[in-house]
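Inspection log for the structure reproduced underneath, given as structure tokens.
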Amino acid sequence: MHILDQLKERGILAQVTFEEDLYKAMDKEPMTFYVGIDPTADSLHVGHIVPVIFARRLQQAGHRPIILCGGGTAMVGDPSGKSELRQMLTKETIDENIKTIKKQISPLLDFGEGGAIMPNNADWLLELNYVEFLRDIGVYFSVNRMLTAECYKRRLEVGLTFLEFNYMLMQAYDFLELFRRYNCRLQIGGDDQWSNILAGADLIRRKEREDAFALTHKLIMTASGQKMGKTEQGALWLDPARTTPYEFYQYWRNVPDADVETYLRLLTFLPMDEVRRLGALRDTEINEAKKVLAFEMTRLIHGEEEANKAIDASGALFGGQGSMENVPTFTVTAAMLKEDGRITTWLNECGLCKSRGEARKMVEAGAVAVNDEILTDIDAKIAPEQIGSGGLLLRKGKKSYCRLILE
């Protein structure tokens with residue numbers, strides 16, 4: 001089955017330009033394509049990896065990915081989906097973020113000889129002559145047409161800076177530069193990027209008189225209309241120091257029933273027959289599908305070993321099986337506990353609560369347990385001798401755990 005037909009079958013494909021020509025071009029020879037990554041944080045979250053998973057599908061079909069790190073565009077900020085101006089970052093911060101991001105993406109794609117490459121658009125954007133850029137590139141852009149783009153409409157309501165207004169030109173220029181350097185003829189991305197991606201393909205067609213294509217994937221939302229990957233602690237990060245593999249596993253293990261088949265279709269590489277079988281499960285049987293989803297996603301991001309550890313920890317906490325050694329842990333010392341042994345402090349320190357204020361509220365609500373005993377005293381303290389050889393188990397709510405161990 002053609003890769004574009006596979007994308008359609010899985011419900012991934014949103015919009016595409018010159019579809020018939022794209023089929024022919026991809027059949028003729030491997031196509032070099034690119035997806036942009038925004039290095040505005042030192043870790044990607046789940047929403048960021050959707051286009052990377054998209055790129056992995058295309059690479060498995062024989063096409064060559066370019067993962068373009070926006071070291072130059074990150075210094076401006078993409079207005080798409082934003083209601084306010086992004087915080088400005090230094091070049092040094094952006095460069096550090098790119099190093100971390102490359103490390104996170106590397107297991108998902110083949111970066112070997114003839115495989116994926118990861119350039120940085122700062123290499124050409126930061127050297128541009130502004131007047132020459134306006135004369136050479138700006139002439140192809142209509143302000144009237146740009147203002148109809150959805151990414152600008154939202155910002156116009158609260159104020160669109162000229163800094164952000166340049167973003168579409170810069171992203172389009174990226175596509176042109178990648179076409180010139182690597183014969184890149186396709187850009188992929190989320191459907192909220194359609195206007196920017198279309199601008200780049202149009203620029204190549206008008207300026208170079210060559211074929212170029214735009215293709216977007218559907219944005220992945222929950223059945224209730226919320227963004228995928230939002231947790232009580234915030235975003236679902238790929239960095240295991242921010243979101244542990246266990247927490248990552250538990251997120252997918254506990255998604256609403258209505259979202260399971262969608263996530264299996266769009267995010268995993270399971271055959272569609274298996275996706276349909278799992279998606280057809282109902283009531284308590286849907287837990288089988290959730291376990292498969294959680295394992296597949298955790299294995300994809302953190303590797304099979306960590307996925308199995310997460311299963312083991314989940315079994316120890318919820319099924320009476322497995323080893324507590326794989327439950328998320330936080331190391332304390334006797335000196336630290338003697339200085340401040342308040343349970344509210346350690347609920348915050350180990351990440352179960354965002355603040356001590358939240359920890360107090362959770363204790364008062366009877367939502368905190370220590371070794372399965374509900375705690376109601378906000379002034380309760382932990383003494384070093386309470387932590388046995390197996391650690392002290394803290395629980396917030398029904399499913400959030402952390403094991404304190406003594407150093």
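Results, tabulated for the structure shown:
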{"item": "Amide H contacts under 5 Å for PHE213, placed H, 5+ residues apart", "result": "LEU186, GLN187"}
{"item": "Sites ALA61 and ALA367 - FRET efficiency at Förster radius 51 Å, r taken between beta-carbons, to 0.05", "result": "0.60"}
{"item": "Modelled FRET efficiency - R0 35 Å, ASN287 with GLU407, Cβ distances, 0.05 increments", "result": "0.40"}
{"item": "Cα→Cβ-extended label distance, 7 Å offset, between GLU208 and PHE18, nm", "result": "1.1"}
{"item": "Directionally averaged shadow of the range 329-406, computed from the convex hull of its alpha-carbon atoms, nm²", "result": "4.4"}
{"item": "Descending semi-axes in Å of the range 230-326, equivalent ellipsoid built from Cα gyration tensor", "result": "21, 16, 13"}
{"item": "Proxy reagent accessibility, fewest Cβ within 10 Å first, across TYR182, TYR263", "result": "TYR182, TYR263"}
{"item": "Label-point gap, in nm, between ALA380 and TYR182 - each point 7 angstrom along Cα→Cβ", "result": "5.5"}
{"item": "Hull-based mean projected area of the range 3-217, where the convex hull spans the alpha carbons, in square nanometres", "result": "11.7"}
{"item": "Burial order of peptide ranges 332-338, 279-285, 352-358, 24-30 (average beta-carbon count within 10 Å, highest first)", "result": "352-358, 332-338, 24-30, 279-285"}
{"item": "Dipole moment magnitude, nearest 20 debye, the range 39-195 about Cα centre, only Lys, Arg, Asp, Glu C-beta charged", "result": "360"}
{"item": "Highest-first arrangement of 163-171, 242-250, 115-123, where packing means the average Cβ count within 10 Å", "result": "242-250, 163-171, 115-123"}
{"item": "Per-residue HN-Hα couplings for the range 267-277 [Karplus 6.51, -1.76, 1.60; θ = phi - 60°; Hz; x = Gly/Pro]", "result": "10, 9, 10, 5, x, 5, 4, 6, 4, 5, 5"}
{"item": "For the range 354-407 and the range 113-147, distance of Cα centres in Å", "result": "53"}
{"item": "Spacing of the two label points (7 Å from each Cα toward its C-beta) at ASN308 and ARG145, in nm", "result": "5.5"}
{"item": "Segment GLU339-LYS28, length gained on full extension (0.36 nm per residue, minus Cα span)", "result": "105.0 nm"}
{"item": "Correct option for log10 I(q)/I(0) by the Debye sum over Cα atoms at q = 0.12, 0.13, 0.15 Å⁻¹ [calculated from the coordinates] among (i) -0.92, -1.02, -1.26; (ii) -0.96, -1.15, -1.55; (iii) -1.02, -1.14, -1.36", "result": "(iii)"}
{"item": "Calculated P(r) of the range 176-255 - Cα pairs past 16 Å, %", "result": "63"}
{"item": "Potential lengthening between PHE330 and SER389 on full extension [0.36 nm per residue; Cα-Cα distance subtracted]", "result": "19.9 nm"}
{"item": "Distance from the range 169-188 to the range 289-348 (C-alpha centre basis), Å", "result": "43"}
{"item": "Cβ-derived FRET efficiency at R0 22 Å, TYR130 paired with LYS153, nearest 0.05", "result": "0.25"}
{"item": "Size of electric dipole in the chain: Cβ of Lys, Arg +1 and of Asp, Glu -1, about Cα centre, debye, nearest 20", "result": "560"}
{"item": "Of LYS354/LYS381; LYS99/LYS396; LYS218/LYS291; LYS103/LYS399; LYS103/LYS227; LYS291/LYS396, pairs whose Cα-Cα distance is over 27 Å", "result": "LYS99/LYS396; LYS103/LYS399"}
{"item": "Per principal axis, descending, Cα span of the range 122-267 in whole Å", "result": "53, 38, 29"}
{"item": "Whole-Hz ³J(HN,Hα) from phi, Karplus 6.51 cos²θ - 1.76 cosθ + 1.60, for the range 391-403, glycine and proline x", "result": "x, 10, 9, 9, 9, 10, x, 9, 9, 9, 10, 8, 9"}
{"item": "GLY190 long-range amide H proximity, modeled H, under 5 Å", "result": "HIS217"}
{"item": "The range 300-381: relative contact order in percent, alpha carbon pairs under 8 Å with at least 6 residues between", "result": "18"}
{"item": "Cα-based Kirkwood hydrodynamic radius, the range 284-391, one decimal, Å", "result": "15.9"}
{"item": "Debye, to nearest 20: dipole size of the range 329-406, +1 on Lys, Arg Cβ, -1 on Asp, Glu Cβ", "result": "340"}
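Computed from the coordinates by the stated procedures, all read-outs in this text should not be read as laboratory data. Note that the structure is predicted; figures quoted are calculated from it, not measured. Virtual Cβ from ideal backbone geometry, glycine too; neighbours counted across all protein chains shown.
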